[in-house]
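Read-outs: derived from the displayed coordinates by stated rules, not from any lab. On a predicted model such as this, the values are computed, not experimentally measured, just so you know. Methodologically, a virtual Cβ is constructed for each residue, glycine included, from the backbone with ideal geometry; neighbour enumeration extends over all protein chains shown.
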Amino acid sequence: QKEVEQNSGPLSVPEGAIASLNCTYSDRGSQSFFWYRQYSGKSPELIMFIYSNGDKEDGRFTAQLNKASQYVSLLIRDSQPSDSATYLCAVKPPTGGFKTIFGAGTRLFVKA
Amino acid sequence: NAGVTQTPKFQVLKTGQSMTLQCAQDMNHNSMYWYRQDPGMGLRLIYYSASEGTTDKGEVPNGYNVSRLNKREFSLRLESAAPSQTSVYFCASSRGLAGEQYFGPGTRLTVT
């Protein structure tokens, strides 16, 4: 089992819809969770982080964390073609010092 | 404020050649990282430096060495390049234990 798993996609949604991206992790004691957006040929860019169970909203983005079920999700409301990118889930396990484990990413395509 | 900068942007090496990838950050961050990104593999940590004067191996350190020259600069050296090291290399930095990382633009390396 991979430490951080994401569906590789592509996930295709129409413009204006809600895109839902999911991520599961294996280390139950993990405390910090991050979502990065990566456009093709570019570097990852941090868009959200969440540390506590529940929802965290920032503009059109909502991160949801459920530690009991070991999953974290990212919702993008009113999806725009400019949201088309690969979204990387990253988890900082409780052990391992500064190591952060990245998932392989989910490709999102928003159709105009 | 340039954030994280990397040089060079592109490089082609022949097997057995050596080179150093340079990284610098101007955010006064304590921690710095080197990752490689291969298709379908996600980001894999090569080496990291928790603070000035310290470096540690990540999950794929073989064939690489690093130097934390000062708080701003963290270099990655390939002593004898191999085709398996063809990849995109990203440098990142973070303030510390918080874990939010900021990435440089990347270096695309091809080893023939």
Open item on the list: How high is the relative contact order of segment B:1-73? Use alpha-carbon pairs under 8 Å, at least six apart in sequence, and give a whole percent.
Closed with: 25 percent
TODO: Return the Cα extents of segment A:15-57 along principal axes one, two and three, sorted largest first, each rounded to a whole Å.
DONE: 33, 25, 17
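Just round it to a whole percent: the fraction of Cα-Cα distances in chain B exceeding 19 Å. The partial results should precede the final answer.
Numbers: 2377 of 6216 pairs.
So the pairs more than 19 Å apart make up 38 percent of the total in chain B.
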Task: Residue mean of other protein chain beta carbons inside 10 Å, A:43-54 - done: 3
Task: Proportion of all alpha-carbon pairs of chain A beyond 19 Å (%) - done: 41 percent
TODO: May I ask you to give the average projected area over all directions of the convex hull of the Cα atoms of the protein assembly as shown, in nm² rounded to one decimal?
DONE: 12.3 nm²
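Could you tell me which trypsin sites (Lys or Arg not before Pro) in segment B:30-101 are loop residues by DSSP with no more than 14 other beta carbons within 10 angstrom of their beta carbon? Present the calculation step by step, with values, prior to reporting the outcome.
Working: sites: B:36, B:44, B:57, B:68, B:71, B:72, B:77, B:95; in loops: B:71, B:72, B:95.
Passing sites in segment B:30-101 are B:95.
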Task: segment B:22-75: equivalent-ellipsoid semi-axes (sqrt of 5 x gyration tensor eigenvalues, Cα, Å) - done: 20, 12, 9
TODO: For the pairs A:2/A:99; A:56/B:71; A:56/A:111; A:99/B:57, note any where the Cα-Cα span goes beyond 21 Å.
DONE: A:56/B:71; A:56/A:111
Open item on the list: Please state the shape class of segment B:1-43: rounded when a/c is under 1.5, otherwise prolate if a/b exceeds b/c and oblate if not, all from the C-alpha gyration tensor.
Closed with: oblate
